Amino acid sequence: MFSFSFLCLLAICGCTFAYIEIPQDYLDAIIQDKADESSAGEYNYDEQGDDWTGTCQTGTNQSPIDLIFEDSKVVAIPRLRFYNYDQALQTPLVITNNGHTANMVIPLTRAGQRPSINGSLLPGDFEVQSVHFHWGSPHTKGSEHAINYQRYDVEMHIVHKNRIYDTMGEATLHPDGLAVLGVMFRAVDRVTSQHYGLNKIFNQLPRIVEYNSNATITGTLTVGQLLGNIVTGEFFTYNGSLTTPDCAEAVTWTVFPDVLDYPRRQIAKLWNLRDSRRMPLVDNYRSIQDTNGRDVYYRVLQ
Ligand SMILES: *[C@@H]1O[C@H](CO)[C@@H](O)[C@H](O)[C@H]1NC(C)=O
Ligand SMILES: *[C@@H]1O[C@H](CO)[C@@H](O)[C@H](O)[C@H]1NC(C)=O
Ligand SMILES: *[C@@H]1O[C@H](CO)[C@@H](O)[C@H](O)[C@H]1NC(C)=O
Ligand SMILES: [Zn+2]
């Protein structure tokens, strides 16, 4: 009886008073993510990263690259396996404008699990950490990778950390530290399917226009919903790097050639964000890097 009336009270209060308690462990993860982000120092996309230094300049396994079907090794690769991708995450989720992207640290599922992936050519089990986006402008395409020389409007990155490393900082020191899934979005005027999960994120973007602002997402969201209806059985995979400083060569990349059609009016919300200089945060993608003879593998749908 008590909990019932308490819930009623919450429901009534929810209309006018939107304070939501954020669990301490999730708050700590957000603070850590922010610290990791600022440890890279100041950087911007004025030259699409061509002015970044250190490994960004000297590395030979850098990302993004042009993914070309004809140049890739089409071999039998185990399918990518997703765990707890269909499980509702704890809420609220927090989405932040960190000056370089709209970033969301992913909490545990309601059952206390961390969604993860393995299979493919992944060297281990990789746990979801965060999701963010790269985009262009009303006149430019903003994906980082190109597929058969073509770039797309938006590229979403779902970042995972190898379970054997305790922190993101430690993971970036090892070639098997991270696994990132890249999903291309195409801005369309008419959609054939609704993407309710992505809409929950994009609907909050007008609240995080300014640098360092954040917004919360409530309700039911799974990591799998972020993939929309794309085919995950077919993908490119290769060894590369973070596409932001310090460009650590710690990433097994998986990029899906199937493109997610998403409303232009939703994508336009990304173009309205601002950076720490209060300038439009647009074209936050790094230029295409040299493959340097690296193997790029392609898995065909079986
Ligand atoms: C993949 O991850 C799942 C869930 O963590 C685990 O149960 C399974 O043993 C892993 N599979 C392999 C081949 O490592
Ligand atoms: C969100 O922004 C508010 C206002 O600046 C700040 O007090 C709060 O700490 C931020 N929350 C998170 C989780 O970063
Ligand atoms: C990444 O590099 C490791 C070590 O050289 C290699 O075993 C693995 O097959 C590579 N993975 C991909 C996807 O190229
Ligand atoms: Zn990224």
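Quick notes on this one:
- Figure legend: label point modelled 7 angstrom from the Cα of A76 along Cα→Cβ; residues of segment 114-134 with amide N under 20 Å from it are 119-123.
- Cα lying deepest toward the dipole's positive end in the chain, options P78, V223, N98, charges on Cβ: V223
- Length available on full extension from E234 to D189: 0.36 nm per residue minus the Cα-Cα distance, which gives 13.6 nm.
- Principal-axis analysis of the Cα atoms of the chain puts helix 2-16 at an angle of about 70° to the longest axis.
- Simple Cβ-charge dipole of the chain, Lys/Arg +1 and Asp/Glu -1, about Cα centre, in debye nearest 20: 1100 debye
- Each part gets one Cα centre, and for segment 239-301 versus segment 139-175 those centres are 6 Å apart.
- Extension gain (nm, one decimal) between D36 and T220, 0.36 nm per residue minus Cα-Cα: 63.5 nm
- Within segment 14-96, the chymotrypsin sites (Phe, Trp or Tyr not before Pro) that combine a DSSP coil assignment with at most 15 other C-beta atoms in a 10 angstrom radius are F17, Y19.
- Euclidean distance of C-alpha centroids, segment 41-106 and segment 187-206, integer Å: 21 Å
- N148-N292 FRET efficiency (beta carbon distance; Förster radius 30 Å; 0.05 resolution): 0.95
- Helical content alone sets the calculated 222 nm signal of the chain at -5000 deg cm²/dmol, taking -39,500 (n - 2.57) per DSSP H segment of four or more residues and averaging over every residue.
Each reported figure results from applying straightforward, stated rules to the coordinates on display, with no laboratory input. The structure displayed is predicted, hence computed values, not measured ones. FYI the Cβ positions are ideal-geometry reconstructions off the backbone, even for glycines, and counts take in every protein chain you see.
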